[in-house]
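The values are calculated or read from the model by the stated rules, or taken from the named source; none is laboratory data. Just so we're clear, the structure is a prediction, and the values are computed from it rather than from any experiment. So basically every Cβ, Gly included, is an ideal-geometry build from the backbone, and we count neighbours across all protein chains shown.
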Ligand code: SAH
Ligand code: SF4
Ligand code: F3S
């Protein structure tokens with residue numbers, strides 16, 4: 001099926017030619033040049049970085065973990081909260097020293113943060129040693145942009161197109177997460193939650209064709225990966241723009257049919273589009289993880305409406321009830337924002353009430369951060385940072401108790417886990433693993449277990465993790 005929002009074949013051929021040319025030049029060097037790619041932000045951004053690494057690798061670059069010895073540094077940025085932006089700018093500032101010592105180093109910044117015009121302008125003015133800035137819609141043109149910077153007479157390049165966004169198939173991918181792989185099923189977001197910058201920097205929702213996703217899933221499994229996460233800002237609306245009838249549940253069903261033992265995870269699920277069919281599909285597909293990340297953001301229906309979330313507190317709680325009717329032991333996690341403009345003490349307490357009612361296994365909690373250009377940034381916000389911080393601390397305290405209790409319920413049970421890596425040095429529990437529900441289990445055992453599914457008897461627990469023995 002040909003679509004008008006797919007990056008044209010001819011464009012990709014051009015990039016391939018440029019990559020081949022750079023690779024040839026790099027192959028004449030004494031040793032391969034080095035690249036460093038740093039990622040801020042969500043899994044979608046990490047998946048983009050894997051494509052940037054894929055392109056760099058095809059151009060003959062090797063990777064280093066030390067940005068100061070890199071010939072090319074790419075910083076892939078996030079704009080979701082101010083904190084993320086400050087971290088990026090701090091890091092870019094630090095690179096100025098490296099650049100002084102090594103004038104031919106290339107510093108590139110890309111991703112969501114620079115897709116905002118005011119940020120790109122700031123970099124142009126205040127960070128003169130940044131060579132290349134490219135927005136979220138320019139990723140497939142990275143080889144051409146890098147080539148432009150590498151020309152003998154250096155010039156700065158700013159490539160920042162406003163666009164609804166494209167779907168690009170066929171870019172090389174460099175995966176380095178051991179047995180875990182990301183698989184992007186769609187890009188962009190149409191929801192315009194009133195606090196959120198993502199729809200402005202990522203363009204409109206667009207789904208990849210099911211056959212392309214399933215083919216990539218096959219490749220991933222054939223490559224030995226055991227844990228695959230389907231990615232989208234709202235996977236529950238996958239396929240609506242395609243009109244082929246293929247929905248997100250269909251994708252799970254088809255990937256579940258691929259031979260082999262592996263886990264299918266996905267994120268993020270928007271509550272307004274989560275359906276009975278989704279939970280039934282999760283229940284009937286044995287490879288689907290026993291987990292759903294279902295961000296509720298706020299407990300008060302008034303705040304939810306001001307956030308433009310498209311559901312009420314009651315509807316959210318009903319959804320959780322339905323999920324648990326279909327999958328009684330499903331692991332539930334969520335995102336919450338504290339201090340949305342005008343959220344009162346009583347409204348905040350409704351958030352605590354949702355925590356107590358649902359008893360999430362884990363929670364990602366954020367203090368509201370105004371994002372320029374979003375509706376919420378213009379709403380009156382009478383509560384102080386300190387008041388918000390206090391509420392945030394109360395929220396965390398309650399959730400930590402719940403997480404601790406939930407984890408303690410595992411002690412004495414035997415769970416099937418995927419061993420996915422080594423623990424930090426120094427711990428007697430030398431391996432890390434994940435349950436189907438995504439809970440972290442520290443284990444003792446041979447490193448040869450990495451990449452294998454084993455049964456683990458849980459012996460201890462904390463707020464954040466479980467500890468066990470392979471049985
Ligand atoms: N598409 C996902 C969320 C992506 S952003 C979804 O709808 O669930 C990840 C999380 O960051 C959000 O769930 C929200 O909790 C938080 N977030 C987004 N914008 C924010 C802001 N302006 N301030 C604080 N937290 C924010
Ligand atoms: Fe942001 Fe809402 Fe889209 Fe999630 S669904 S990315 S929170 S606008
Ligand atoms: Fe951040 Fe962009 Fe993801 S703003 S959260 S990296 S989509």
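Descriptive notes on the structure:
- Any hit, the stretch 9-31, residues being touching a strand residue (DSSP E or B) at 6+ places or on another chain (Cβ under 7 Å) and not assigned by TED's automatic domain parsing to the domain that holds residue 206: no
- Among the criteria (1) out of contact with any helix residue (DSSP H, G or I) (no Cβ under 6 Å at 6 or more places or on another chain); (2) within 12 Å of ligand 2 (Cβ to nearest atom), the one residue 194 does not fulfil is (1).
- Taking residues in the stretch 200-228 that are under 18 Å from residue 44 (Cα atoms), and partners anywhere that are in a helix (DSSP H, G or I) and within 16 Å of ligand 2 (Cβ to nearest atom), the pairs with Cβ atoms closer than 9 Å and at least 6 places apart or on different chains are 201/136; 202/44; 202/136; 203/136; 205/199; 205/237; 207/237.
Condition check ((1) more than 22 Å from residue 60 (Cβ to Cβ); (2) within 16 Å of ligand 1 (Cβ to nearest atom); (3) in the same structural domain as residue 267 (by TED's automatic domain parsing)) across all residues:
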position	(1), (2), (3)
149	no, no, no
164	yes, no, no
183	yes, no, yes
200	yes, yes, yes
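- Residue count for the stretch 56-80, restricted to those that are surrounded by fewer than 19 Cβ atoms within 10 Å (Cβ to Cβ) and under 21 Å from the mean Cα position of the chain (by Cα): 1
- Against the numbered list (1) under 30 Å from residue 351 (Cα atoms); (2) away from ligand 1 (no atom under 16 Å from the Cβ); (3) crowded, with 16+ Cβ neighbours inside 10 Å, residue 293 comes up short only at (2).
- Inter-residue pairs, beta-carbon under 9 Å, first on the phi > 0 side of the Ramachandran plot and in the stretch 344-373, second outside any loop (DSSP other than H, G, I, E, B), 6+ apart: 359/332; 359/402; 359/405; 359/406; 373/118; 373/200
- Filtered residues of the stretch 420-463 (kept if outside any loop (DSSP other than H, G, I, E, B), under 22 Å from the mean Cα position of the chain (by Cα) and in contact (Cβ under 8 Å) with a residue 40 or more places away in the chain): 420, 421, 434, 435
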